[in-house]
Amino acid sequence: MGILKNIKRFCKRKEVIKSQDDQSIPNYDTYNPSNKTIVFFSIYMLTPEHDSGSNRLKEIILFFKAKGYNCIICSKNTFRMNYYVNYFSDLGVIVYVENNEFNTYFDFIKTVPKVDLVWFFGARSLNYNLSKVLQILPDSKTIFDMIDIHFLRYKRGINIDPKRISLRKNYMKFLYIETKLSRNVDFIATISDIEKEIMSKYVEPEKLITISNIHYKKINKEEALPFEKRKDILFIGSQHEPNIDAVYYLYHEIMPIVWKYDNSIKVNIIGNVNEKIKKIDDSRFVFHGYISDIKPLFTKNKMMIAPLRYGAGVKGKVGQAFEYFLPVITSSIGAEGMNLVHEKNALIYDNEKDFASAIVDLYNDKALWLELQQNSEKSLEPFSIQALESVFNSLDCL
């Protein structure tokens, strides 16, 4: 059965490649052997407009581009007609696409004259690529970008739903990748100092560096609508399991309490999380799906809410809210790794009653709303390009 499946996949790959008019590797003609080169390995093509991890890596890639690096992205089953191939090509990035000249991107990498740095984006990428890359590029420095600690996320999921076998299987799988296999790289990038401290129990502390999300204000505060002209609340998320859980938790546990005070408040939900939600049919829960221009919703809603009960890493949705001067209510999990102070940078609550009360209070308390909004830009400082620069300046491989 497995052999038949692989044959079908191979035939489909050949068919798609054949339909491509251009067989070249986008932007490879711009490769400059005089410059340093970094190769980013990802299981899937990056989608910066859909998930915060991809958006973060896009900013990191742009950082290296600004430093004069040849930047190459290698991901599985990526064809030229993929929208994000053009997206990154337009940014000057060399993007590997399936073609007739090379069977795999490993064959392609063998032809690149010089690779100084290799970046593994996520645990799955490390697991899939590490052994072959070490054989092909034994002299290149390697960085494992954890994005977040996957085994920690699954461990927390088990605490909420201990009967789910898939959580336990994934916990064991990623525990091995992140604490054993990762020892074979030169550097391990954690998303926050909190996760750096957790990982120091498993790997050599000198290998650990913190590279968090990159955020900067997207509007001037004057562009944001005033408190009086705003209504409703906002949630943004992908199909990431903690987001699915948060939406159900919000609908079943938190909003019924809020609606006792004000039944007119709607929850606007952005992102493809709607494709996974099957049991909510309520006009007060508005699923917008993917939206290319998020500015209107970020500037018209009264607050961002992120009632995450489990997960790991730094939450892009919270940083995004600060980019638009939008006050935030979140949980301890949602605030983790962001150095947020309760009632200064955000409101932070962990049970449904307190969370619901905070929504009602912030919805009606202009003074509190203005104080949180005023601190939004300050909340972004740890996630600046300058912070990223200082991390890489400390490494001897750049």
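Assorted remarks:
- Residue identified as under 25 Å from the mean Cα position of the chain (by Cα), assigned to a helix (DSSP H, G or I) and assigned by TED's automatic domain parsing to the domain that holds Leu137 among Ile61, Ile38: Ile61
- In the stretch 77-92, the residues that are assigned to a loop (DSSP other than H, G, I, E, B), crowded, with 17+ Cβ neighbours inside 10 Å and of a type outside the set (Val, Ile, Thr): Arg80, Asn82
- Every listed requirement among (1) part of a helix (DSSP H, G or I); (2) of a type in the set (A, V, I, L, M); (3) assigned by TED's automatic domain parsing to the domain that holds Asp51 is met by Ile209 save one, (1).
- Filter pass, Phe79 being at pLDDT 95 or above and aromatic (Phe, Trp, Tyr): no
- Within the stretch 93-148, considering residues that are among the acidic types (Asp, Glu) and surrounded by fewer than 20 Cβ atoms within 10 Å (Cβ to Cβ), the one farthest from Asn77 (Cα to Cα): Asp139
- The listed residue being buried (at least 21 other Cβ atoms within 10 Å of the Cβ), of a type in the set (A, V, I, L, M) and farther than 26 Å from Ile149 by Cβ, out of Ala358, Ala312: Ala358
- Residue count for the stretch 121-169, restricted to those that are modelled with pLDDT under 95, over 16 Å from Thr179 (Cα atoms) and of a type in the set (A, V, I, L, M): 4
- Tabulated pairs, the stretch 149-174, first surrounded by fewer than 15 Cβ atoms within 10 Å (Cβ to Cβ), second not acidic (Asp, Glu), C-beta under 7 angstrom, 6+ apart or interchain: Ile160/Arg309; Ile160/Tyr310; Asp161/Leu167
- In the stretch 66-89, the residues that are closer than 20 Å to Asn100 by Cα reach residues that are assigned to a helix (DSSP H, G or I) and of a type in the set (S, T, N, Q) with C-beta atoms within less than 9 angstrom, at least six apart or across chains, in these pairs: Cys74/Asn129; Ser75/Ser125; Phe79/Ser19; Arg80/Asn86; Met81/Ser19.
- Subset of the stretch 314-333 (residues that are touching a helix residue (DSSP H, G or I) at 6+ places or on another chain (Cβ under 7 Å) and farther than 17 Å from Leu380 by Cβ): Ile329
- Meets criteria (without any contact (Cβ under 8 Å) to a residue 12 or more places away in the chain and more than 26 Å from Ser182 (Cβ to Cβ)) for Phe102: yes
- Just one of the listed residues (Phe325, Phe298) is aromatic (Phe, Trp, Tyr), on the phi > 0 side of the Ramachandran plot, in contact (Cβ under 8 Å) with a residue 60 or more places away in the chain and out of contact with any Cys (no Cβ under 7 Å at 6 or more places or on another chain), namely Phe325.
- Residue list for the stretch 262-311, filter: under 14 Å from Asp245 (Cα atoms) and assigned to a loop (DSSP other than H, G, I, E, B): Lys276, Ile277, Lys278, Lys279, Ile280, Pro307, Leu308, Arg309, Tyr310, Gly311
- Condition met for Ser131 (farther than 30 Å from Tyr216 by Cβ and in a helix (DSSP H, G or I)): yes
- Evaluating Lys231 against the criteria (1) assigned to a loop (DSSP other than H, G, I, E, B); (2) under 26 Å from the mean Cα position of the chain (by Cα); (3) surrounded by fewer than 17 Cβ atoms within 10 Å (Cβ to Cβ) leaves one unmet condition, (2).
- For the condition part of a loop (DSSP other than H, G, I, E, B) and in contact with a Leu (Cβ under 6 Å, 6 or more places away or on another chain), Val115 qualifies.
- The listed residue being under 23 Å from Gln239 (Cα atoms), touching a Ser or Thr at 6+ places or on another chain (Cβ under 9 Å) and either surrounded by fewer than 23 Cβ atoms within 10 Å (Cβ to Cβ) or among the aromatic types (Phe, Trp, Tyr) (or both), out of Glu323, Glu275, Glu352: Glu323
The values are calculated or read from the model by the stated rules, or taken from the named source; none is laboratory data. Just so we're clear, the structure is a prediction, and the values are computed from it rather than from any experiment. Note that we place each Cβ from the backbone using ideal geometry, even for glycine, and neighbour counts take in every protein chain shown.
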